[in-house]
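The next block holds one structure in the form of structure tokens; read it before the comments.
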Amino acid sequence: MTALTIVGFGFVLALFSLPGVVVHEFAHKKACDWIGVPVVDVVYFRFENPPGYVRHVEPDRYRASFVISVAPFLVNTVVALAAFAGLAWLVHSIETGSLEAASRKGVVAAAVLCWVGTSVGVHAFPSTGDANTLWTRARAEWLRSPVVILGLPFVVLIYVANLLSRLYLDTLYAIGLLLLAWYAVGEVAI
């Protein structure tokens, strides 16, 4: 592979990731707003590493850190499911089931819904940075508030999910959301 090919592939991958990164960072930002944690800086998307981030004041309580850290998992999952449900409805609504029967607009809409659902689903997992924040907060606060220990399994799950993302667990998660939406819409359509 030439350097130009690698750069081009990186650009295409970044464009593919755009909806997922934006929704992920939006979820962090909205969680901060909801809890009342001031946000210092937000970048929803850029062609650098990391592709997006939300910098905020450190919350007073572990619970606030937990909500901010796991918000992308919940929001991205719901948005991906909605996009996949729209895709499934669109495909199921084509009566003959053939591509020739689909309008050009329908095919474009299906492609966009598939792209958005996949990208958003792939970016549902909280980052290792989110897990590090929760781990640090738990270690600092567990003597004062032993209930933070209940959050430790989630921290471990975040670390494991990020590790297994190297084996495409995040992609498998998005595919699982697609199959769930496809099945749910198919059951309703029958």
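The values are calculated or read from the model by the stated rules, or taken from the named source; none is laboratory data. Predicted model, so just to flag it, every value in this text is computed and none were measured. Glycine gets a Cβ as well: all are built from the backbone with ideal geometry, and neighbour counts include every protein chain shown. When the accessible area is computed, the model is the full protein with side chains, heavy atoms only, and any ligands, DNA or RNA have been set aside. Shrake-Rupley method; radii C 1.70, N 1.55, O 1.52, S 1.80 Å.
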Problem - For segment 57-149, size of Cβ-based charge dipole, Lys and Arg +1, Asp and Glu -1, in debye - result: 240
Exercise for the section: Work out how much length Asn132 to Asp60 would gain on full extension: take 0.36 nm times their residue separation and subtract the Cα-Cα distance, in nm to one decimal. Expected result: 24.3 nm
Problem - Ser119 accessible area, assembled protein chains, probe 1.4 Å, Å² - result: 0
Handout entry: For the chain: accessible area per residue (Å², 1.4 Å)
Key = 62
Handout entry: For the chain, the longest site-free run once chymotrypsin sites (Phe, Trp or Tyr not before Pro) in DSSP loop states with at most 15 other Cβ atoms within 10 Å are removed
Key = 48-141
Completion exercise
For P(r) over Cα pairs in 10 Å bins from 0, in percent the list reads (i) 9, 30, 24, 15, 10, 7, 4, 2, 1, 0; (ii) 7, 25, 33, 23, 9, 3, 1, 0; (iii) 9, 29, 31, 20, 9, 2, 0; the calculated value is entry (iii)
Practice task
Summarise the accessible area of the chain (1.4 Å probe, protein heavy atoms) by the percent that is carbon and sulfur.
Solution key: 71
Exercise for the section: Could you rank Arg46, Arg55, Arg166 by how accessible they are, 1.4 Å probe, largest area first? Expected result: Arg166, Arg55, Arg46
Practice task
Work out the length of the dipole vector of the chain about its Cα centre, built from +1 on the beta-carbon of each Lys and Arg and -1 on the beta-carbon of each Asp and Glu, and round it to the nearest 20 debye.
Solution key: 320
Exercise for the section: Express in Å², to the nearest 10, the accessible area of Val75 obtained by rolling a 1.4 Å probe over the protein heavy atoms while all chains stay in place. Expected result: 50
Exercise for the section: Give me the distance in nm between label points sitting 7 Å out from Cα along the Cα-to-Cβ direction at Val78 and Leu150, one decimal. Expected result: 2.1
